[in-house]
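Asks: Supplied in structure tokens, the structure appears directly below.
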Amino acid sequence: MTKTTKSTTAQPEDRLLTEEEIRAMSDDDYMNPAQLAFFKNRLQELEKELLKNAGETTEHLRETVLVPDPADRATIEEEHALELRTRDRERKLLKKVQQSIQSIDGGEYGWCEETGEPIGIPRLIARPTATLSLEAQQRRELKQKLYGD
């Protein structure tokens, strides 16, 4: 009896919305619990994928292959360097993903850090780690282009 009651009350909350359902919601529903659950799930999946990739890279780099030909050795070293650069970018993305999950837990997710305005569902679907609205991001990029970093 408890299981039946639990599943009927928990079922609507447990079901994650689709992108289409979130896009169809009104502006009044912005960052409601269902949307936050959708983005938290998406971020957690991304986090798992990044951690899995990091583990695979570690294992791959441990496999040392001794190749007598200098050209082959250079190719292998270049592949390792490329893989390390990719993992470094993923490490930075992982940090942003974890910060975004924390901002969901803190109730700050989905709001621009500079203006306090909504970032917007389409932007968050495209880039779930976004912390600035599109306008604020464009202003920041223009300043960087004009004045440097």
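Asks: Is it the case that segment 29-42 has a residue that's in a helix (DSSP H, G or I), more than 21 Å from the chain's Cα centre (by Cα) and at pLDDT 90 or above?
Replies: So far as segment 29-42 goes, yes, one or more of its residues are in a helix (DSSP H, G or I), more than 21 Å from the chain's Cα centre (by Cα) and at pLDDT 90 or above.
Asks: Another question, then. Sort through Glu83, Glu21 and tell me the only one that's in a helix (DSSP H, G or I), within 27 Å of Ser103 (Cβ to Cβ), modelled with pLDDT of 85 or more and out of contact with any Gly (no Cβ under 8 Å at 6 or more places or on another chain).
Replies: Among Glu83, Glu21, only Glu21 is in a helix (DSSP H, G or I), within 27 Å of Ser103 (Cβ to Cβ), modelled with pLDDT of 85 or more and out of contact with any Gly (no Cβ under 8 Å at 6 or more places or on another chain).
Asks: In the set Ile125, Ile104, which member is crowded, with 17+ Cβ neighbours inside 10 Å, at pLDDT 95 or above and within 24 Å of Glu19 (Cβ to Cβ)?
Replies: Selected residue: Ile104, the only one of Ile125, Ile104 that is crowded, with 17+ Cβ neighbours inside 10 Å, at pLDDT 95 or above and within 24 Å of Glu19 (Cβ to Cβ).
Asks: Could you grab the pairs with beta carbons closer than 8 Å, sequence gap of 6+ or different chains, first residue in segment 112-126 and assigned to a loop (DSSP other than H, G, I, E, B), second one among the β-branched types (Val, Ile, Thr)?
Replies: Cys112/Ile119; Cys112/Thr131; Glu113/Thr131; Ile119/Thr131
Asks: Identify, by number, the condition in (1) within 17 Å of the chain's Cα centre (by Cα); (2) assigned to a helix (DSSP H, G or I) that Thr129 doesn't meet.
Replies: It fails just one condition, (2).
Asks: While we're here: Can Ala136 be described as without any contact (Cβ under 8 Å) to a residue 60 or more places away in the chain, in contact with a Lys or Arg (Cβ under 7 Å, 6 or more places away or on another chain) and surrounded by 13 or more Cβ atoms within 10 Å (Cβ to Cβ)?
Replies: The answer is no for Ala136.
Asks: Would you call Glu45 part of a helix (DSSP H, G or I), of a type in the set (Asp, Glu) and closer than 18 Å to Leu17 by Cα?
Replies: Yes, satisfied.
The values are calculated or read from the model by the stated rules, or taken from the named source; none is laboratory data. Please read these numbers as outputs of a predicted model, since none were measured by experiment. Don't worry about glycine lacking a Cβ; one is built from the backbone with ideal geometry, like all the others, and counts go over all protein chains shown.
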